[in-house]
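Each remark here refers to the structure printed beneath this line.
The values are calculated or read from the model by the stated rules, or taken from the named source; none is laboratory data. These numbers come from a predicted model, not from an experiment. Please note: Cβ atoms are built from the backbone with ideal geometry, for glycine as well, and neighbour counts cover all protein chains shown. Ligands, DNA and RNA are stripped out before the accessible areas are found, and what is left, the full protein with its side chains, is counted by its heavy atoms. Shrake-Rupley method; radii C 1.70, N 1.55, O 1.52, S 1.80 Å.
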Amino acid sequence: MNIFNILFSSLIFSFILFHSNALNVTHDSRSIIIDGNHRIILSGSIHYPRSTAPMWPDLIRKAKEGGLDAVETYVFWNAHEPAHRQYDFSGNLDLIRFLKTIQDQGLYAILRIGPYTCAEWNYGGFPVWLHNIPGVSLRTKNDVFMNEMKNFTTLIVDMVKKEKLFASQGGNIILAQVENEYGNVMEPYGDDGKSYINWCAQMADSLDIGVPWIMCQQAAPPKPMLETCNGWYCDEYKPKDPNTPKMWTENWTGWFKSWGGADPLRTAEDLSYSVARFFQKGGTLQNYYMYHGGTNFGRTSGGPYITTTYDYNAPLDEYGNLNQPKWGHLKQLHDVLHSIEYTLTNGDVRNEKLSNLVMATIYQTKEKSSCFLSNTNTKTDANVNFGGINYFVPAWSISILPDCREEAYNTAKVSAQTSSMVKKLNKAEDEPRSLKWTWRPELIESTSIQGRGDVSVNKIVDQKDMANDASDYLWYMTSIDVAKDDPMLNGTVTLRVNDSGHVLHAFFNGEYIGSQWSKYGDSNVTYVFERNIKLSPGKNLISLLSVTLGFKNYGPMFDLVGVGITSPIELVLSKNVIKDLSSNKWTYKVGLNGISNKFFNTNCASKSSSKWVSDPIPVDRNFTWYKTTFKAPLGNKPVVADLLGLGKGMAWVNGHSLGRYWPSYIADKNLCKTETCDYRGRYSDSKCVSKCGEPTQRWYHVPRSFLKDGENTLVLFEEFGGNPSYVQFQTVEIGSICINTHEGKEVKLSCQDRPISKIKFASFGSPQGVCGSFDKSEYDSEVDVLSILEKECVGKESCSFKITEDKFGKPSSEIKKLAVEAVCKDFTF
């Protein structure tokens, strides 16, 4: 690899980005052209509301250090316009501050305005009030919707123009997006869908932003929109217009997680393979979705059933730590790709078949040639001769030769360190190991016993329509007057409730009679709740609490999918004696008393007369509020709340919502396969999953900016019933680090800001096992490799060295690999 080319590209990039004059952003079929410079663009998605403003500089710095040219983000309509014509761009929603932070780090930005986003975000980013406007139909030719969409899109564009952030104004935004993945769902909308997408293009173009507009997953979009690809692989994708560059707006770095689902893993080998293959086959722009996934704070997760964590197995983990080896392996790839950028964007291209397994792709200019050797076979490694030199190309891998001679990178040969992250107990001064709790009940008597609500109608109403997304919780209440001679008094009656909500809690005459919820993997969330009840003469009250976990965010007409309790609701005595209650007078109440009265807000005096009490603390009691105080963990490591022992509910720290929690939902044991994860072959969200049979999500991110010096307050609303005594605050940090790679590589071991305290294992030759369980083989070098590395590394935050026989001795086998496991110092404050 020519390091001069890397440095030169970086200098050119910095110059053109910070040039005070407007930048001319155009394209040809091979590149994005910025002020005449033909560029390939490596980008990564970071969603500003899924982190906090104080985290942004560090996240973007790590993106830049990881070799990215740009940061991409969605703009979430429902976050910024929570009520009609009422806007919020404060705090973690400060879009302009986020874009300027990207600019401050010397990176480009890609602004995906949408304003439909999908993104596993509640209702796909649409505000629910939009759905409830009379006469509206979303994502189709509809004047009401298009007026609202134009209003919001124009608002965002005008804000960005005011700050001169488009490249055409001298800013850093080089691309903008309108709509999102509409081509995937367009057909059911018919001619109105075609008219709508044409209108989107005309509306966006009329805003005159001076940089290209893109439409992802929209084959042959209306001019002047540019189409892009989304998916795990886009190497075979070809734009319909041959003059459009080949762009990949979403390379899925892993996958999202659902309640009841396992942890996803997309290996560094496969992800890097997909990127290298894309550029081998003429790619221009590639964006990682996600580069940092983050957290679905509050009620922002969609799906439904999307977890609070949105880690996505991204190169930066949920808390902002480097996800190694993925981050480091990709950084090395980015450096190599940048070093051959000129050849990729200007060279002639030809392919040469080297064997039944391996294809060479040669990019050639007058000055130099750069080559890719690809082995797409999923099982068989290959040894090939190319240009008189022998190369080993493992199965499902790509080698990059910047000068068509020396291999600078292979996607399957990972030399970046693996970092094992651990959770450490809170070591704040005087912090007791067991938190001291107070509690208070959620007052449900007015609804479950008295049936009092806000609105009454003689029908069952969809939860979106009634609650308008003001709360996860909606009460449905009705009473039945039973005459003394009613036959239903003479036997056991079954209450039968059809539900398309996500969780249902049922009460009869003030008594709790049971709960039910949709199961992971159901194609839809509809289920039937049935419980036996005993009617009494006179008035009988049925109170049903429907609970949502995010509205549907994807699919054709997803906005019309009902949620909540549906008709019919019946009392069943026998097959022939059924009473339908659907047309009864139903009374509705949105929310819960404790949420309405902000029990979670330490600065807001409660309107309720009920007090927090300290003894005894009830456990396994549903509809209960718990509160405790704690000191922030010392240091600067990310903080998590370990909520093991709780059921389901919501959590707040100092009034900031951590999101929904549900540690009692155990990941399906059948999702995990027994065979070892193999990077070879096409990835899917069911491949290489882990942690089946464990809580879907046990740890919940507490950003440092939520915490303060001195006393902090944690408030829990426990919906199902659990035991808060197990709750702990912990920090997330590197426990141990490993490398396991071949001779000739320059490697680095780093504990980041802590010293290496111990070399636990080190051997050169053909050591066996994986990080955490290495073992020597009989063929390993006889040199004391561990002692060598102890002298070089222990006591330092990092150490770098080249793997050679001269340094580590000659093994007695042809395999020459170095395996090392080091331990990072555990500071005790």
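If you take the residues of region 626-674 that are free of Cβ contacts under 8 Å to residues at least 60 places away in the same chain and touching a Leu at 6+ places or on another chain (Cβ under 8 Å), which of them is most open to solvent (accessible area, probe 1.4 Å)?
Here the answer is S664.
Given the condition within 15 Å of R680 (Cβ to Cβ) and of a type in the set (G, A, S), answer yes or no: does some residue in region 388-402 qualify?
yes
Return a yes/no flag: does region 290-312 have any residue that is out of contact with any Lys or Arg (no Cβ under 6 Å at 6 or more places or on another chain), more than 17 Å from I40 (Cβ to Cβ), crowded, with 20+ Cβ neighbours inside 10 Å and not assigned by the TED database to the domain that holds R112.
no
Considering only region 566-589, how many residues are under 17 Å from D465 (Cβ atoms) and either open to solvent by 40 Å² or more (accessible area, probe 1.4 Å) or part of a helix (DSSP H, G or I) (or both)?
The number of residues fulfilling the criteria is 3.
Name the residue that is surrounded by the fewest Cβ atoms within 10 Å (Cβ to Cβ), counting only residues in region 359-397 that are touching a Lys or Arg at 6+ places or on another chain (Cβ under 6 Å) and within 17 Å of A412 (Cβ to Cβ).
So, considering only residues that are touching a Lys or Arg at 6+ places or on another chain (Cβ under 6 Å) and within 17 Å of A412 (Cβ to Cβ), the one surrounded by the fewest Cβ atoms within 10 Å (Cβ to Cβ) is T378.
Inside region 113-129, can you point out the residues that are under 26 Å from I34 (Cβ atoms) and either open to solvent by 10 Å² or more (accessible area, probe 1.4 Å) or touching a Leu at 6+ places or on another chain (Cβ under 9 Å) (or both)?
Those that are under 26 Å from I34 (Cβ atoms) and either open to solvent by 10 Å² or more (accessible area, probe 1.4 Å) or touching a Leu at 6+ places or on another chain (Cβ under 9 Å) (or both): none in region 113-129.
Could you please give the count of residues in region 201-235 that are open to solvent by 20 Å² or more (accessible area, probe 1.4 Å) and of a type in the set (S, T, Y)?
The total comes to 2.
Would you check if N593 is open to solvent by 20 Å² or more (accessible area, probe 1.4 Å), out of contact with any strand residue (DSSP E or B) (no Cβ under 7 Å at 6 or more places or on another chain) and free of Cβ contacts under 8 Å to residues at least 12 places away in the same chain?
no
Answer yes or no: is there a residue in region 614-625 that is touching a Gly at 6+ places or on another chain (Cβ under 7 Å) and buried (at least 21 other Cβ atoms within 10 Å of the Cβ).
Yes: region 614-625 contains one or more residues that are touching a Gly at 6+ places or on another chain (Cβ under 7 Å) and buried (at least 21 other Cβ atoms within 10 Å of the Cβ).
Tell me, please, whether a residue that is outside any helix (DSSP H, G or I), open to solvent by 10 Å² or more (accessible area, probe 1.4 Å), under 21 Å from A119 (Cβ atoms) and touching a residue at least 12 places away in the same chain (Cβ under 8 Å) can be found in region 73-82.
Yes, region 73-82 contains at least one residue that is outside any helix (DSSP H, G or I), open to solvent by 10 Å² or more (accessible area, probe 1.4 Å), under 21 Å from A119 (Cβ atoms) and touching a residue at least 12 places away in the same chain (Cβ under 8 Å).
Looking at (1) open to solvent by 40 Å² or more (accessible area, probe 1.4 Å); (2) under 30 Å from Y233 (Cα atoms), can you tell me which one L401 breaks?
Status for L401: all satisfied but (1).
Which ones in region 749-772 are at positive phi and open to solvent by less than 20 Å² (accessible area, probe 1.4 Å)?
G765
Do we have T492 as among the polar types (S, T, N, Q) and in contact with a helix residue (DSSP H, G or I) (Cβ under 8 Å, 6 or more places away or on another chain) here?
no
Given the condition out of contact with any Cys (no Cβ under 8 Å at 6 or more places or on another chain) and farther than 18 Å from Y700 by Cβ, answer yes or no: does some residue in region 259-268 qualify?
Yes, the conditions are met somewhere in region 259-268.
Among the strands (runs of 3 or more DSSP E) contained in region 352-423, which hold 3 or more residues that are among the small types (G, A, S) and either free of Cβ contacts under 8 Å to residues at least 24 places away in the same chain or not assigned by the TED database to the domain that holds F279 (or both)?
369-375
Restricting to region 442-452, give me the number of residues that are open to solvent by less than 40 Å² (accessible area, probe 1.4 Å) and at pLDDT below 95.
So the count comes out to 5.
What is the number of the single condition among (1) over 20 Å from F392 (Cα atoms); (2) modelled with pLDDT under 95 that I815 does not meet?
I815 satisfies every listed condition except (1).
Looking at region 143-168, which of the residues that are in contact (Cβ under 8 Å) with a residue 40 or more places away in the chain and not in a helix (DSSP H, G or I) is most open to solvent (accessible area, probe 1.4 Å)?
E163
Taking only pairs six or more apart or across chains, which ones have beta-carbon atoms under 8 Å, a first residue in region 53-67 that is in the same structural domain as F297 (by the TED database) and acidic (D, E), and a second residue that is part of a helix (DSSP H, G or I) and buried (at least 17 other Cβ atoms within 10 Å of the Cβ)?
Between residues of region 53-67 that are in the same structural domain as F297 (by the TED database) and acidic (D, E) and residues that are part of a helix (DSSP H, G or I) and buried (at least 17 other Cβ atoms within 10 Å of the Cβ), the close pairs are E65/K331.
Filtering region 707-739 down to residues that are among the charged types (D, E, K, R) and more than 18 Å from F599 (Cα to Cα), which residue is surrounded by the fewest Cβ atoms within 10 Å (Cβ to Cβ)?
Among those residues, the one meeting the criterion is D709.
List the pairs whose first member sits in region 733-749 and is within 18 Å of K816 (Cα to Cα), whose second member is open to solvent by 50 Å² or more (accessible area, probe 1.4 Å) and among the polar types (S, T, N, Q), and whose Cβ atoms are under 6 Å apart, counting only residues at least 6 apart or on separate chains?
The qualifying pairs are K748/S800.
Could you please let me know if N603 is open to solvent by 30 Å² or more (accessible area, probe 1.4 Å) and not in a loop (DSSP other than H, G, I, E, B)?
Here the answer is no, as N603 does not meet what is asked.
So K238 clears everything in (1) open to solvent by less than 30 Å² (accessible area, probe 1.4 Å); (2) in a loop (DSSP other than H, G, I, E, B) except one condition, right? Which one?
(1)
Out of the residues in region 741-795 that are basic (K, R) and more than 36 Å from the chain's Cα centre (by Cα), state the one that is nearest to P394 (Cα to Cα).
Result: K776.
Looking at the structure I just gave you, is K598 more than 29 Å from the chain's Cα centre (by Cα) and either of a type in the set (D, E, K, R) or part of a helix (DSSP H, G or I) (or both)?
No, not satisfied.
What are the pairs, 6+ residues apart or on separate chains, where a residue within region 790-816 that is within 17 Å of K760 (Cβ to Cβ) and buried (at least 16 other Cβ atoms within 10 Å of the Cβ) has its Cβ under 6 Å from a residue that is modelled with pLDDT of 95 or more and charged (D, E, K, R)?
From residues that are within 17 Å of K760 (Cβ to Cβ) and buried (at least 16 other Cβ atoms within 10 Å of the Cβ), the pairs are C799/E792.
When the residues of region 313-342 are filtered to those that are aliphatic (A, V, I, L, M) and open to solvent by less than 20 Å² (accessible area, probe 1.4 Å), which remaining residue is farthest from L658 (Cα to Cα)?
This residue is I340.
Among the candidates T284, T244, which residue alone is under 15 Å from L175 (Cβ atoms), in a strand (DSSP E or B) and of a type in the set (V, I, T)?
Unique residue meeting the criteria: T284.
Would you mind finding the one in G67, G106 that is more than 22 Å from V157 (Cα to Cα), modelled with pLDDT of 95 or more and not in a helix (DSSP H, G or I)?
Just a single option satisfies the conditions, and that option is G67.
Look through T548, T526 and report the one residue that is within 30 Å of A667 (Cβ to Cβ) and open to solvent by 10 Å² or more (accessible area, probe 1.4 Å).
T526
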